[in-house]
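Student: A single structure is presented below for examination.
The values are calculated or read from the model by the stated rules, or taken from the named source; none is laboratory data. Since we're looking at a predicted model, the values are computed, not measured. All Cβ positions, glycine included, derive from the backbone under ideal geometry; neighbour counts span all protein chains shown. Quick note on the areas: whole protein, heavy atoms, side chains included, nothing else; ligands and nucleic acids left out. Shrake-Rupley method; radii C 1.70, N 1.55, O 1.52, S 1.80 Å.
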Amino acid sequence: MKLVLLGPPGAGKGTQAKKIEQEFGLKHISTGDIFRENIKNKTPLGEKVQAYLDGGNLVPDELTIAMVWDRLDQEQDNYLLDGFPRTIEQADALTEGLQERGQALDHVICIEVDAPTLVKRLSGRRSCPECGAVYHVVDNPPTQEGICDVCGHELVQRADDKKETVAQRLDVYRAQTEPLIAYYEAQGNLVHIDGDHPVDDVFAAVRQAIDA
Ligand code: ADP
Ligand code: AMP
């Protein structure tokens, strides 16, 4: 099975992706995580992309598409894309690349949340740089403040979750990524999910969409 999770930054894609990965055995592929990992390890790709992430802007399509195919061609058939595609050009590259390989997406799930809630979620997000677990200081705190429940590493606030960068990321989403909703509606495999509910309730809707 192949899924795409669509939705604005802070909608809960990463949070739901972890649950989908566990329940459906799909490999979670987050382009944001891959870029951050490369930045952390100071790879040539990391050096190229750091300024884009810090500024809340998208990494150029050519670089992103090449990186994604490099990764997808190492994967088996079951994966979940989180944070890709983010532009029409990326969506076209995915559609065409899958066609060339005789494959197709099974579902595109769009998680929707209003802007004030997104800002609240992003400003309270804390992430584990070691294992990628995601928390919220109020809505989903770790058992011990500032410490990851999963691996015991110290939690951090992502550089791009600072207030100014959050505003830029939401603008970029509206201008460049939101048009993908109509794109996938036209392909006929988009499911809308209201993300403004507790994590487990959102997951129940996601599960229903996948099972349908
Ligand atoms: P995305 O991957 O779409 O950017 P995340 O999964 O990282 O979003 O979630 C953003 C923030 O919102 C995190 O702090 C997370 O703990 C919190 N969060 C995610 N889903 C929910 C939810 N359903 N209700 C409340 N907070 C949530
Ligand atoms: P995310 O972790 O999904 O919030 O992504 C963090 C940042 O990584 C984004 O703000 C972009 O700078 C970059 N990024 C992630 N995915 C993509 C993509 N598909 N296209 C371009 N840039 C991306």
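Student: Could you give the Stokes-Einstein D for region 39-86 in µm² per second, using the C-alpha Kirkwood radius, 25 °C, 0.890 mPa s?
Tutor: For these conditions, the coefficient is 205 µm²/s.
Student: To continue, here is another question. Of all alpha-carbon pairs in region 50-156, indicate the percentage at a distance above 21 angstrom.
Tutor: Of all Cα-Cα distances in region 50-156, 54 percent exceed 21 Å.
Student: Additional query: Rounded to the nearest whole Å², what accessible area per residue is found for the chain with the 1.4 Å probe?
Tutor: Accessible area per residue: 51 Å².
Student: May I pose another question? Near Lys27, which aspartates and glutamates are there with a Cα under 16 Å away, not counting those fewer than 8 places off in the same chain?
Tutor: Asp70, Asp73, Glu75, Asp77, Asp82, Asp106
Student: Here's another thing I want to ask about it. Which aspartates and glutamates have a Cα less than 14 Å from the Cα of Lys163, not counting those fewer than 8 places away in the same chain?
Tutor: Asp54, Asp171
Student: Which of the residue pairs Lys40/Lys162; Lys19/Lys40; Lys13/Lys162; Lys2/Lys162 have a Cα-Cα distance greater than 21 Å in the structure shown?
Tutor: Check vs 21 Å cut-off fails for Lys19/Lys40; Lys2/Lys162.
Student: Among the aspartates and glutamates, which fall within straight-line cross-link reach of Lys42, defined as a Cα-Cα distance under 13 Å, with same-chain neighbours fewer than 8 residues apart omitted?
Tutor: Here the aspartates and glutamates satisfying the reach criterion relative to Lys42 do not exist.
Student: Sticking with this one: Note down the accessible area of Ile39, probe 1.4 Å, to the nearest 10 Å².
Tutor: Counting only protein heavy atoms, the figure is 40 Å².
Student: Within the accessible area of the chain, what % is carbon and sulfur when the probe is 1.4 Å and the other protein chains stay in place?
Tutor: 48
Student: While we're here: Along the positive direction of the dipole of the chain (beta-carbon charges: Lys, Arg +1; Asp, Glu -1; about the Cα centre), which of Thr87, Leu3, Ile147 reaches farthest?
Tutor: Among Thr87, Leu3, Ile147, the one farthest towards the positive end of the dipole of the chain is Ile147.
Student: Could you work out the Kirkwood radius for region 1-60, taking every pair of different alpha carbons, averaging 1/r and inverting it, reported in Å?
Tutor: 12.9
Student: Compute the Cα gyration tensor for region 172-212, then decide on rounded, prolate or oblate, letting a ≥ b ≥ c be the square roots of its eigenvalues: rounded whenever a/c is under 1.5, prolate when a/b is larger than b/c in the other cases, and oblate in all that remain.
Tutor: In terms of gyration-tensor shape, oblate.
Student: With the cut-off at 1.5 for a/c, could you classify the chain from its C-alpha gyration tensor as rounded, prolate or oblate?
Tutor: In terms of gyration-tensor shape, rounded.
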